[in-house]
Structures are given as C-alpha cells and as structure tokens.
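Accompanying notes for the structure given below.
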Amino acid sequence: MALLEERRRKLAAEGLFDDERKRPLPYMPRVVGVVTSPTGAVIRDIIHRIADRFPLHVLVWPVRVQGETTGRKSRRRSRVSTSSTRQEPYRGPTC
C-alpha cells in the first residue's frame, strides 16, 4: 500500500491527475482493448460480460500473467497497445 501511495504522490507531482488533463469517456465505445492472457478465465469472463450487454469489438493484446517477467512485459505491451496502431493485437477465436 505504501508503494501505491508513493507512486500516486509522484504522478500527482507531475500533474498527471490535474483536471485539465482529463478527457471525458465516450458514452459507448465501439472497441475495447484488453492486455491479458488470451487463454485465461479473465478474458473469457470479460468477453462474455461485454457480449451480454454491449455490441463491442474486443481486442486482446496477449501477455504472460504469471512469472518473474510478467510486470515488465505487461507494462511494455500496455504502452504499445495505447500508443501504436501499427501493433497488431491478437485476434483469437473469442474476439
């Protein structure tokens, strides 16, 4: 918890939580990107819940969710998924 609070203070000092940086969320997005394991229960639950409620397209950027390199690889994949449209996401049979 202390690490999370320290990180929050650091980001706040950089102005990343300032109101002028905030943008409104779209009322109903057409595409949702998820950075997770493409074979785990989590993505199946996400796709199932979205299919029940909204007609959305789900993009899955695959990462390992267990192991020593998990955090580093997840952060890298998250950066790529939000900053680059050239990076092609995994389009498995559930998407």
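The numbers here are math on the coordinates, done by the rules we state, and not lab data. Quick caveat, the model's predicted, so the values are computed rather than measured. Here the Cβ is made from the backbone with ideal geometry for all residues, glycine too, and neighbour counts use every protein chain on show.
A few points about this structure:
- Fewest-first ordering of D45, D52 by other beta carbons within 10 Å of each residue's beta carbon gives D52, D45.
- Table column - 3J(HN,Hα) (Hz), the stretch 38-48, Karplus curve with 6.51, -1.76, 1.60, x for Gly and Pro: x, 10, x, 5, 4, 5, 5, 5, 4, 4, 4
- Rounded to the nearest 0.05, the FRET efficiency derived from the C-beta distance between L59 and R7 at R0 = 35 Å is 0.85.
- If the segment from D18 to A41 were pulled out straight at 0.36 nm per residue, it would be longer than the present Cα-Cα gap by 4.7 nm.
- Arranged from fewest to most other beta-carbon atoms within 10 Å of their beta carbon, M1, M28 become M1, M28.
- Paired Rg and Dmax values of the stretch 6-68, which use every Cα atom, in angstrom: 16.0, 40
- Close amide H partners of G33, meaning residues 5 or more places away or on another chain with modelled amide H under 5 Å apart, are L59.
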